[in-house]
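The values are calculated or read from the model by the stated rules, or taken from the named source; none is laboratory data. What you see is a predicted model; the values in this text were computed from it and never measured. In this analysis, Cβ positions are derived from the backbone assuming ideal geometry, glycine residues included, and neighbour counts consider all displayed protein chains. Surface areas here come from the heavy atoms of the whole protein model, side chains and all, with no ligands, DNA or RNA. Shrake-Rupley method; radii C 1.70, N 1.55, O 1.52, S 1.80 Å.
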Amino acid sequence: MKGFDPAQRLIDLANEVRTAPDASREALAALLARHGESERDLAPEAFSEADAAELRAAARRMGGVLAEPDADRAAEALNALFDACGARPRLTRHDGHAWHLHVDREGAGWGEWFLASGALALAAVLTEYGRVTWGACAAARCGAYFLGTGPGSARRYCSAACASRERVAAHRSRRRAGR
């Protein structure tokens, strides 16, 4: 079975809640299932409407961290999340997944779990690259969160399509201004 990719899960969930602030419990469960969460953990009795509301609130809170371009402020925000979640790392293996870190408290709710695991994922990226490699797309009509861990300079756009649209719009604007 494929391992967890908590950073991509964070991005996907934050984008889902950004574009659909009242995303249904079913939509959130389907997204979590695509990221390896078990059917048992996503059944209505284990992942209720209240749990979905808690998860949506946590995703909005993580959106603030994802939009932070400054590494020092991002680190402070991540440390605040670790403190708020009582983060204490432990290795775990379940549901056919390989050993991985958990930093949420035993019995934590869905929101706390998401905040702690998302903070851990972003902290790992920040320490590996020494800079913020995530962000909110700078395209005028987008704002999607992205995770840019490839080589080169820091990204400003979620995709090549958004970057191209912005370059074309800027070019057309300059041409109009030059007339």
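Some notes on this structure:
- Euclidean distance between Cα centres, region 153-179 to region 112-142, Å: 24 Å
- Its relative contact order, with pairs defined as Cα atoms under 8 Å and 6+ residues apart, puts the chain at 21 percent.
- Over region 113-179, accessible surface divided per residue gives 59 Å², non-protein components excluded, 1.4 Å probe.
- The chain - percent of accessible surface contributed by carbon and sulfur, probe 1.4 Å: 51 percent
- Estimated from helices alone, the mean residue ellipticity of the chain at 222 nm is -18000 deg cm²/dmol (sum of -39500 (n - 2.57) over DSSP H runs with n ≥ 4, per residue).
- Using the Cβ-Cβ distance between residue 174 and residue 93 with R0 set to 45 Å, the FRET efficiency works out to roughly 0.20.
- Largest to smallest in accessible area, the residues 110, 134, 99 fall in the order 99, 110, 134 (1.4 Å probe, all protein chains included).
- For residue 35, solvent-accessible area (1.4 Å; no DNA, RNA or ligand), Å²: 40 Å²
- Prolate/oblate/rounded label for region 1-52 (Cα gyration tensor, a/c 1.5): oblate
- To the nearest ten degrees, helix 25-34 and the longest principal axis of the Cα atoms of the chain are 90 degrees apart.
- Residue-normalised accessible area of region 1-108, expressed per residue, 1.4 Å probe, Å²: 55 Å²
- Global form of the chain, assessed from the alpha-carbon gyration tensor, a/c cut-off 1.5: prolate
- Cβ-derived FRET efficiency at R0 35 Å, residue 83 paired with residue 41, nearest 0.05: 0.85
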